[in-house]
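Colleague: So that we are looking at the same thing, I have put the structure below in structure tokens.
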Amino acid sequence: MGAKPMNAPIERNVARSMLCGRVALPWTLPNDRKTRKPSGTSRVTRFSFAIIKVVCSIPPSVLIVRLDAIGDALTTVPLIAALRQQGMTVSVVLRPRNADIFSSHALQTVHVVNGDDAIAEIRREGYGCALIATEKTQGYRVARNARIPIRVGFENGWGKPFKTLWIRRMCTQTIFRTAGLDPSAPHECEVVFKLGRFLLPHAEPSRDPALLRPIVLDDIPVAQDRVAIQITDKWERLGAPVHEVAELVERVAAHHPIRLLGAEYERGYCERISDATQLSVETFESMREWKQAIAASRALVAPDSGAVHVAGMIGTKVVACFGARNFALQTARWQPWAAVHRLVKIEHGTWPVVAADALGLLVSDSTPSVYKG
């Protein structure tokens, strides 16, 4: 019996073709294309290569989108500093409440978004790259509708699968970050810095207040010997009732000249603290004046809030008080970035004593950074 095609020592399709009288084609067709060397009449010349090199060497204009609170916006300061050092022009998209958080000379343009009214304005600027650091979906829509060609944002993977799919459609590149608190506990400044890593392959986020301060302050105020205490209802939201905040104020005032700072829109809470302590609270409508007050102070005592992050970027010593829940992870992520500081846990009704003692250690340059009483 003759050999069957299945047993032939060649591929089946070739064997079948031969048995049917057809000529089998070779496995790989020959490549008849020829490679031509560039000539003087070629469209791609040495002059063209020179133009491409020059264009690629022009630093891109970067737009940072952060539609969140004051502290969130300030986590972009090390990234802004690094981009500026590389000769890039930087602009930001903020919301009305934090629109004045940066100094007037730090950025090319500040776009204030209230709805979609700023999209046409942003599109006219012709930005080359958008770094979307916000959790708000509006920030992603603004960058895409403004037709910015490179859009880099955060996704949460399986932590938020539907939002991740949507963000991937809105961005040209995404960076993974956990949906909740990251067990590896990176600082938020380090996480945000990853958005610009492709523009800054060899840079690291700076912790030098001398470099970061000009991005937040227009000028350096005259230093005062007073300790500032931020009066905000964030104390209550972190578990500190009014009488405990009043106790903190009284304990600090017993050893240091103090200055109580508050926002005008929180006047009601400020009046409650004023009534409890019989001390006046300065309320500010201007964010610039509020920042200057923090910068002029010898030290600051505040809850985890925008004031802590202002002090953390400009170098004012700060006692930062955090809620007891997830204290280790929260402080790792949100502790003051570039300033000498002490961290206090708000718990058990004893924290005012702990915070006042931590302030004494802070102004005397003693350790540790996390004070437990």
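The values are calculated or read from the model by the stated rules, or taken from the named source; none is laboratory data. For clarity, every value in this text was computed on a predicted model and none was experimentally measured. We place every Cβ from the backbone using ideal geometry, glycine too, and count neighbours over all the protein chains shown.
Colleague: Suppose we keep only residues that are of a type in the set (Gly, Ala, Ser) and within 29 Å of the chain's Cα centre (by Cα) within the stretch 224-249. Which one would you say is surrounded by the most Cβ atoms within 10 Å (Cβ to Cβ)?
Modeller: 228
Colleague: Quick check on this structure: which one of 271, 244, 250 is in contact (Cβ under 8 Å) with a residue 60 or more places away in the chain, in a helix (DSSP H, G or I), outside the structural domain of residue 98 (by TED's automatic domain parsing) and farther than 30 Å from residue 210 by Cβ?
Modeller: Result of the check over 271, 244, 250: 244.
Colleague: Of all residues in the stretch 147-162, count the ones that are of a type in the set (Gly, Ala, Ser) and at pLDDT below 95.
Modeller: 2
Colleague: Here's another thing I want to ask about it. Given the conditions (1) surrounded by 15 or more Cβ atoms within 10 Å (Cβ to Cβ); (2) over 19 Å from residue 150 (Cα atoms), and given that residue 85 satisfies all but one, which numbered condition is not satisfied?
Modeller: Unmet for residue 85, out of (1) surrounded by 15 or more Cβ atoms within 10 Å (Cβ to Cβ); (2) over 19 Å from residue 150 (Cα atoms): (1).
Colleague: Could you say whether any residue in the stretch 193-212 is at pLDDT below 95 and farther than 16 Å from residue 79 by Cβ?
Modeller: no
Colleague: Go through (1) at pLDDT 95 or above; (2) outside the structural domain of residue 271 (by TED's automatic domain parsing) one by one and return the number of the condition residue 181 breaks.
Modeller: For residue 181, the failing item is (1).
Colleague: Taking the stretch 198-208 on its own, how many of its residues are out of contact with any Pro (no Cβ under 9 Å at 6 or more places or on another chain) and either without any contact (Cβ under 8 Å) to a residue 12 or more places away in the chain or crowded, with 19+ Cβ neighbours inside 10 Å (or both)?
Modeller: 2
Colleague: Going by the structure shown, is residue 266 under 30 Å from residue 177 (Cα atoms) and assigned to a helix (DSSP H, G or I)?
Modeller: Criteria not met by residue 266.
Colleague: Shifting gears a bit: For residue 263, which of the numbered conditions (1) closer than 23 Å to residue 353 by Cα; (2) crowded, with 16+ Cβ neighbours inside 10 Å; (3) not polar (S, T, N, Q) fails to hold?
Modeller: (1)
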